Amino acid sequence: MTPTSNKNSLLEAEAWKFLEKSIIYFQGKPIGTVAAHDPKSDALNYDQCFLRDFVPSALVFLMYGKADIVRNFLIETLKLQSHEKQMDCFEPGAGLMPASFKVQSNGSEEFLVADFGEQAIARVPPVDSGMWWILLLRAYEKATGDLALARQPDFQAGIKLILDLFLVHRFSMYPTMLVPDGAFMIDRRLGVYEHPLEIQVLFYAFLRAAKELLLPDGDGDSYLGKVNRRLGALKYHIRNYYWLDVQRLREIYRYKGNEFGKEVANKFNIHSESIPSWLTEWLPENGGYLAGNLGPGRMDFRFFTLGNLMAILASLASETESQSIMNLFAERSSDLIGYMPVKICFPALEGLEWRIVTGCDSKNIAWSYHNGGNWPVLLWLFTAAAQKTGRIELAEEAIAIAESRLFEDKFPEYYDGNNGRLIGKEARIYQTWSIAGLLAAKKFLTNPDYLELISFPEGLEGPGCSI
């Protein structure tokens, strides 16, 4: 073993110890991980297990052969799922999975307390928790070969409840999901309301996972039919209307507005004046990406990392588009990778735009937190996408950058600055998903077979429908 490889092994072992220290136990069994173990800051809700945050930790446990904690997590969180129809406006709808939970005790009795958004900042419910839960159920099945768990009646019922919630009849002409600000990883006001890319991609991946997990017996066939119809329409919509490259930008620049009828080019009435000045010079000739949001008279031209990387893994982006997204990372590395992979979105909102869109959110100042901050947890998604597209060199460089700082900096939650040079102003240290993000990235890099836990092949669904 070379000195370098020996050092890397020691660092990996140290990170693993940090991850083990974060484990939460319920009735003597491991059930999840706390959000952070920062000894210098108040716990607030960082001592809880967030469904979204646990995903990279769960993938690490599965890749290390520690599947029991993932199984326990899936079983216990399913019991927390909301089953009651809303009696008033302040209760979670049936099928909603909690944002987080914590273990509490009354004497010798332990019980779980879930938060569906009642205590969240701005009281926003978690739209993405149920999607991540089903993706994790599929990953557990892939890793362990345990087909029985997802086929249990309570799990089949839980999957259908989530589908009922997400496939409900709605006021919309699009196959995408309409959601408020703050309902997913970007959990504060940032102008991502309406049809944000991250939710649409997770929606697509979740539907594909549900299609694999659902049994066709009973009313399963009816659900599978709904899933298939939505998959085709959603894929067509995202690929045709969210994609941005130089050629597409030229088309939008010459759009005519206020067109009426079905056979029109500018279906969403996007005005060319809304193209931001930074984009025309920033977008490379061989790069492209899926826009951050799309709705009536609105295209959010910001680049959002999680949605684009997950689009590669879910095969929602085509092979050509996937290569273009990775080209963008390569050509704009100083912006999107910088001193700590990976920036959550680009560019940041600044000045008057920041004041209006964020409501003067002091935590989301320009190039901080979710407004252009750098998040180490995204390293696992970046590495998996690089592995799938055959761009291993990009992942190797990003992991090397992360390893050079994360241990010394004590695994902060996020980094600040245009290129992620500063530890986040309010970042917790020993953030569990920063630790897990690095460990998962290294596992994806060394063993491509692990990609099947979170990746999907090109879909076989039909072309869907246009609008």
So if I check each of Phe54, Phe101, which one is modelled with pLDDT of 95 or more and assigned to a helix (DSSP H, G or I)? Phe54
Check on Ser315, part of a loop (DSSP other than H, G, I, E, B), small (Gly, Ala, Ser) and either open to solvent by less than 20 Å² (accessible area, probe 1.4 Å) or out of contact with any Pro (no Cβ under 7 Å at 6 or more places or on another chain) (or both): yes
Identify all residues within region 408-425 that are closer than 20 Å to Ser22 by Cβ and more than 21 Å from the chain's Cα centre (by Cα); write none if there are none. Glu408, Asp409, Lys410, Ile423
Kindly indicate which of Ala143, Ala157, Ala150 is hydrophobic (A, V, I, L, M, F, W, C), more than 14 Å from Arg230 (Cβ to Cβ) and within 21 Å of the chain's Cα centre (by Cα). Ala143
Given the conditions (1) modelled with pLDDT under 95; (2) within 24 Å of the chain's Cα centre (by Cα), which single one is not true for Leu62? (1)
Every residue in region 319-374 that is among the aromatic types (Phe, Trp, Tyr) and part of a loop (DSSP other than H, G, I, E, B), please. Tyr339, Trp367, Tyr369
Tell me, please, whether a residue that is of a type in the set (Lys, Arg), under 20 Å from Phe54 (Cβ atoms) and open to solvent by less than 70 Å² (accessible area, probe 1.4 Å) can be found in region 157-170. no
Checked region 250-263 for anything closer than 22 Å to Thr176 by Cα and either in contact with a Cys (Cβ under 7 Å, 6 or more places away or on another chain) or surrounded by 13 or more Cβ atoms within 10 Å (Cβ to Cβ) (or both); matches are Ile252
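Here's the yes/no breakdown for (1) aromatic (Phe, Trp, Tyr); (2) touching a residue at least 60 places away in the same chain (Cβ under 8 Å):
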| position | (1), (2) |
| --- | --- |
| Gly390 | no, no |
| Lys410 | no, no |
| Trp433 | yes, yes |
| Gly437 | no, yes |
| Lys443 | no, yes |
| Asp449 | no, no |
From the list Trp278, Trp282, which one is more than 24 Å from Leu202 (Cβ to Cβ), buried (at least 17 other Cβ atoms within 10 Å of the Cβ) and of a type outside the set (Gly, Ala, Ser)? Trp282
If a residue must be touching a residue at least 60 places away in the same chain (Cβ under 8 Å) and among the aromatic types (Phe, Trp, Tyr), how many such residues does region 284-338 contain? 2
Can you spot a residue in region 20-29 that is open to solvent by less than 30 Å² (accessible area, probe 1.4 Å) and either part of a loop (DSSP other than H, G, I, E, B) or on the phi > 0 side of the Ramachandran plot (or both)? yes
Hey, among the residues in region 359-382 that are of a type outside the set (A, V, I, L, M, F, W, C) and in contact with a Pro (Cβ under 9 Å, 6 or more places away or on another chain), which one's nearest to Asp181 (Cα to Cα)? Gly372
Positions within region 285-335 being among the β-branched types (Val, Ile, Thr) and over 25 Å from Val179 (Cβ atoms), in sequence order: Thr320
Candidate set: region 444-462, residues that are of a type in the set (D, E, K, R) and at pLDDT 95 or above; chosen: the one least open to solvent (accessible area, probe 1.4 Å): Glu452
Condition first: farther than 23 Å from Asp128 by Cβ and among the polar types (S, T, N, Q). Now tell me which residues in region 23-77 satisfy that. Gln27, Ser41
State all residues of region 160-188 that are of a type in the set (A, V, I, L, M) and farther than 29 Å from Asn240 by Cβ; if no residue qualifies, say none. Leu161
Within region 198-237, count every residue that is touching a Gly at 6+ places or on another chain (Cβ under 8 Å) and outside any helix (DSSP H, G or I). 1
Across region 412-425, which residue is farthest from Ile344 (Cα to Cα) among those that are open to solvent by 70 Å² or more (accessible area, probe 1.4 Å) and in contact (Cβ under 8 Å) with a residue 24 or more places away in the chain? Lys425
Just to be sure I understand, how many residues within region 187-223 are surrounded by fewer than 22 Cβ atoms within 10 Å (Cβ to Cβ) and touching a His at 6+ places or on another chain (Cβ under 7 Å)? 1
Tell me which residues, restricted to region 105-156, are open to solvent by less than 60 Å² (accessible area, probe 1.4 Å), assigned to a strand (DSSP E or B) and not small (Gly, Ala, Ser). Leu112, Val113, Asp115
Residues in region 35-50: is at least one in a helix (DSSP H, G or I), at pLDDT 95 or above and of a type in the set (A, V, I, L, M)? no
Please find, among Phe382, Phe407, the residue that is within 23 Å of Gln323 (Cα to Cα), in contact with a Leu (Cβ under 7 Å, 6 or more places away or on another chain) and open to solvent by less than 50 Å² (accessible area, probe 1.4 Å). Phe382
Which residue pairs have Cβ atoms under 7 Å apart, sit 6 or more places apart or on different chains, and have a first residue in region 227-241 that is farther than 17 Å from Ile162 by Cα and a second that is at pLDDT 95 or above and surrounded by fewer than 20 Cβ atoms within 10 Å (Cβ to Cβ)? Arg239/Ser318
Evaluate the following for Phe61: is it open to solvent by less than 20 Å² (accessible area, probe 1.4 Å), under 24 Å from Phe411 (Cα atoms) and free of Cβ contacts under 8 Å to residues at least 24 places away in the same chain? yes
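The values are calculated or read from the model by the stated rules, or taken from the named source; none is laboratory data. Predicted model only: the values in this text are computed from it and were never measured. Note that each Cβ is placed from the backbone with ideal geometry, even for glycine, and that neighbours are counted across all protein chains shown. Keep in mind that these areas ignore ligands, DNA and RNA; they rest on the heavy atoms of the full protein, side chains included. Shrake-Rupley method; radii C 1.70, N 1.55, O 1.52, S 1.80 Å.
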